[in-house]
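Heads up, the thing below is written out as structure tokens.
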Amino acid sequence: IDKIPYASLVTARFAIVVAVLSGFAAFIVATRVPPSAWLAWFALVGPGVLSSCIDARTTFLPKVLAHISWLIAGIGVGWHALAIRSYLPILVSTLGVLVLGGFFWAVWKISRGIGFGDVRLMVTIGAISGLSDPQLLATAVMAGTVLGAAWGIAHRVAGWNGPFPDGPGLLMGPFAALLIQPFLAA
């Protein structure tokens, strides 16, 4: 596969798409997540959205953005734990990283059906989605998987062959989970 240079993506249209999607994601977080956890969620709202937009255009998730997401997520989880004076968010977030990151690593290792960038993305998603509620983590994974499958089907129906980007669908999972979570609790 010939890799599209990331520098070629720097256009006004691409910047507008990233800004609109990040704004929508930030709105969802601001209305569904306690303020003490906003910094942790910024790992998905900022570098996560940018990374997924790059993936949508290139089928590659940049490693440097994954590392930035991990750093922001780690600091944000620590901040949230301090704010609520509990180590529980750190424990639950760590379990989310191990379970989700470990599962996707195993899928990558065994099948090579996904790229390693997807494994890196799921580490961040596991850390953040599990931050407040294990049910949110499960819902995020299910929603991301369904949205990713729909994304893949749309690519095939549109006649695109070759690899398709999993990142956008996977990233939509946590935000979709935030939107549907109140209906699941009822």
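Quick notes on this structure:
- Helix 49-58 axis versus longest C-alpha principal axis of the chain: approximately 20°, rounded to the nearest ten.
- Computed from Cα positions, the angle between helix 167-185 and the longest principal axis of the chain comes to roughly 40 degrees.
- Relative contact order (%) - the chain, alpha-carbon pairs under 8 angstrom, separation at least six: 23 percent
- Quick note on the chain: its Rg to Rh ratio, both from C-alpha atoms and Rh being the Kirkwood radius, is 0.96.
- Mean sequence separation of contacting Cα pairs (under 8 Å, at least six apart), scaled by the length of the range 99-145, corresponds to a relative contact order of 31 percent.
- With Cα atoms, 0 to 90° folded angle of helix 116-129 axis to the chain main axis: 30 degrees
- Here is the list for the range 117-186: chymotrypsin sites (Phe, Trp or Tyr not before Pro) lying in DSSP coil, each with at most 14 other C-beta atoms within 10 angstrom of its C-beta, are W160.
- Largest to smallest accessible area among F104, F164, F42 [probe 1.4 Å]: F42, F164, F104
- Applying the criteria of a DSSP loop state and at most 14 other Cβ atoms within 10 Å to the trypsin sites (Lys or Arg not before Pro) of the range 7-73 yields no site.
- The residues of the range 1-157 present an accessible area of 54 Å² per residue when probed at 1.4 Å with all protein chains retained.
- Relative contact order (%) - criterion: Cα under 8 Å, at least six apart; region: the range 117-186: 40 percent
- Alpha carbon centroid spacing (whole Å) that separates the range 48-92 from the range 149-180: 20 Å
- For the pair T94 and A138 in one chain, pulling the backbone fully straight at 0.36 nm per residue adds 14.4 nm over the alpha carbon distance.
- DSSP-loop trypsin sites (Lys or Arg not before Pro) across the range 84-176, with at most 12 other Cβ within 10 angstrom: R85, R112
- Accessible surface of the chain [probe 1.4 Å, protein heavy atoms]: carbon and sulfur percent: 75 percent
- Among M172, M142, M122, the sequence by solvent-accessible area, most first, with a 1.4 Å probe is M142, M172, M122.
- A Förster radius of 30 Å, combined with the Cβ-Cβ distance separating A185 from R57, puts the computed FRET efficiency at roughly 0.25.
The values are calculated or read from the model by the stated rules, or taken from the named source; none is laboratory data. Predicted, not measured: the structure shown is a model, and the values here were computed from it. Don't worry about glycine lacking a Cβ; one is built from the backbone with ideal geometry, like all the others, and counts go over all protein chains shown. For the accessible areas, the whole protein counts, side chains as well, though only heavy atoms, and no ligand, DNA or RNA atoms are used. Shrake-Rupley method; radii C 1.70, N 1.55, O 1.52, S 1.80 Å.
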